[in-house]
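Undergrad: To start, I am sharing the structure in question, which I have written as structure tokens.
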Amino acid sequence: MDEIKNKFWAVGGGKGGVGKSIVALMTGVSLARLGNKVILLDADLGGSNLHTLVGIQYPQYTLADFISKKVGSLEEVIMSTPVDNLKIICGADDILGMANPKYAQKNRLLNNMKKLNADFIILDLGAGTSFTTVDFFLYAPNKIVVLTPQITSIQNAYGFIKASLFRHLNDVFGKDEQAIELIKRACAPAEGETIDSIGKLFDAFLTLGGEHQDKLLNCINELKIKMIINMVRNVRERNVGRIVQSVAKNYLGLEIEDMGIVQFDNVLNASINNMAGFLSSNLRKSESYAYTNFYDIACNIMKGCNWQSAAPVKTEL
Ligand SMILES: Nc1ncnc2c1ncn2[C@@H]1O[C@H](COP(=O)(O)OP(=O)(O)OP(=O)(O)O)[C@@H](O)[C@H]1O
Ligand SMILES: [Mg+2]
């Protein structure tokens, strides 16, 4: 059980272009360089491009081969990357409705993911709050929301967290019509609606019985979401995470764990068109601030999983 708990990490965030793929990739690279077996899984089913970032122009195998049952197991679509210990499952282009796989296809994928042999499996999610994206996010015990200091990114990160919580509540309360009715009201409160936060939903659940309140509290407590602020340029920007934390606490009752920041990094940004070259270079000696941040994050992930890790590098803005 612990193995599954430590193994799956999903990187989402609602907004496009905030660096979800970079965070998934660079965290994976750092974990791999620290001696872990890592698989990156491009779960951006509508707009996959993680393979490009690891220097694969035309993937020989993709998730589409697995989803369309061309191959029997997920193992068969794993490909190597320029980084030792780091493998990738390339995403599927949006053909044959891959962005919205059917329920059975999704379940087959999730079941096969469990069988993958790796220390860490990192899911790179697409932008937006589609059910498929949110379901992948909810599936992974370790959930990272990536945002940048921009106000629109903060809003979308909050929207993504909220969508995840309400999708989870809908799953848990499924056939309980009275509860679902109240959950719907709290999710999209109309003007004048009194149930406009999780706190108010909790109060309203009292009319349905104490066990409803317990179940709601459970849902909130088990949804552990972490965040990374990416593209930070100064100390003021570093603090935007507090806005997300306080709004998520006040309206959704969720404690969002701060995993740290990644600085805006010209070296990384300039290397996007040749990430394979960037990854093959001696990153510790390069002047990439972001790489140092990702190394810290990877060390903390290993510590959190009680695995031995190298001493984290101190980074200052
Ligand atoms: N820390 C950083 N410093 C500088 N530039 C960055 C940083 N992180 C990401 N970028 C830039 O932002 C761009 C978008 O990053 P990325 O593709 O990871 O975003 P995304 O959230 O995955 O986007 P999408 O929603 O389209 O999948 C990158 O191509 C890179 O140029
Ligand atoms: Mg991406």
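The values are calculated or read from the model by the stated rules, or taken from the named source; none is laboratory data. None of these values were measured; they are calculated from a predicted model. Glycine also receives a Cβ, built like all others from the backbone with ideal geometry; neighbour counts cover every protein chain displayed. Areas reflect the complete protein model, heavy atoms only, side chains present, ligands, DNA and RNA absent. Shrake-Rupley method; radii C 1.70, N 1.55, O 1.52, S 1.80 Å.
Undergrad: Can you pull out every residue in the stretch 222-232 that is modelled with pLDDT of 95 or more and farther than 13 Å from residue 256 by Cβ?
TA: 230, 231, 232, listed by residue number.
Undergrad: Kindly indicate the residue of the stretch 243-257 that is open to solvent by 60 Å² or more (accessible area, probe 1.4 Å) and within 23 Å of residue 299 (Cα to Cα) and also nearest to the chain's Cα centre (by Cα) among those meeting that condition.
TA: So, considering only residues that are open to solvent by 60 Å² or more (accessible area, probe 1.4 Å) and within 23 Å of residue 299 (Cα to Cα), the one nearest to the chain's Cα centre (by Cα) is 257.
Undergrad: How many of the residues making up the stretch 37-50 are within 26 Å of residue 128 (Cα to Cα), of a type outside the set (S, T, N, Q) and open to solvent by 20 Å² or more (accessible area, probe 1.4 Å)?
TA: Summing the residues that are within 26 Å of residue 128 (Cα to Cα), of a type outside the set (S, T, N, Q) and open to solvent by 20 Å² or more (accessible area, probe 1.4 Å) in the stretch 37-50 gives 3.
Undergrad: Follow-up question, since we're still on this one. Condition check: of a type in the set (D, E, K, R), assigned to a loop (DSSP other than H, G, I, E, B), away from ligand 2 (no atom under 16 Å from the Cβ) and open to solvent by 30 Å² or more (accessible area, probe 1.4 Å). Does residue 84 satisfy that?
TA: yes
Undergrad: Which residue, of 225, 220, 261, is surrounded by 14 or more Cβ atoms within 10 Å (Cβ to Cβ), within 19 Å of the chain's Cα centre (by Cα) and farther than 24 Å from residue 136 by Cβ?
TA: 261
Undergrad: Right, another one. Output the qualifying pairs, or none if there are none: Cβ atoms under 6 angstrom, residues six or more apart or on different chains, first residue in the stretch 15-27 and modelled with pLDDT of 95 or more, second residue aliphatic (A, V, I, L, M) and within 7 Å of ligand 1 (Cβ to nearest atom).
TA: As it stands, the answer is 18/146; 19/146; 20/146; 23/146, since those pairs meet every condition given.
Undergrad: In the stretch 149-168, how many residues are within 15 Å of ligand 1 (Cβ to nearest atom) and either farther than 25 Å from residue 25 by Cα or open to solvent by less than 10 Å² (accessible area, probe 1.4 Å) (or both)?
TA: Total meeting the criteria: 3.
Undergrad: Determine whether residue 22 is within 16 Å of ligand 1 (Cβ to nearest atom), open to solvent by 20 Å² or more (accessible area, probe 1.4 Å), closer than 25 Å to residue 265 by Cβ and among the aliphatic types (A, V, I, L, M).
TA: Against the criterion (within 16 Å of ligand 1 (Cβ to nearest atom), open to solvent by 20 Å² or more (accessible area, probe 1.4 Å), closer than 25 Å to residue 265 by Cβ and among the aliphatic types (A, V, I, L, M)), residue 22 qualifies.
Undergrad: So, one more: For the condition open to solvent by 60 Å² or more (accessible area, probe 1.4 Å), aliphatic (A, V, I, L, M), within 12 Å of ligand 1 (Cβ to nearest atom) and modelled with pLDDT under 95, what is the one hit in 311, 270?
TA: Of the residues listed, the single one that is open to solvent by 60 Å² or more (accessible area, probe 1.4 Å), aliphatic (A, V, I, L, M), within 12 Å of ligand 1 (Cβ to nearest atom) and modelled with pLDDT under 95 is 270.
Undergrad: What are the residues in the stretch 236-266 that are under 16 Å from residue 226 (Cβ atoms) and in a loop (DSSP other than H, G, I, E, B), if any?
TA: 240, 254, 255
Undergrad: Go through the stretch 196-214 residue by residue and tally those that are within 14 Å of residue 180 (Cβ to Cβ) and either outside any helix (DSSP H, G or I) or touching a residue at least 24 places away in the same chain (Cβ under 8 Å) (or both).
TA: Selection size over the stretch 196-214: 3.
Undergrad: Examine the stretch 93-102 for a residue that is open to solvent by less than 40 Å² (accessible area, probe 1.4 Å), outside any loop (DSSP other than H, G, I, E, B) and either touching a residue at least 12 places away in the same chain (Cβ under 8 Å) or of a type outside the set (Gly, Ala, Ser) (or both), and state whether such a residue exists.
TA: Within the stretch 93-102, none of the residues are open to solvent by less than 40 Å² (accessible area, probe 1.4 Å), outside any loop (DSSP other than H, G, I, E, B) and either touching a residue at least 12 places away in the same chain (Cβ under 8 Å) or of a type outside the set (Gly, Ala, Ser) (or both).
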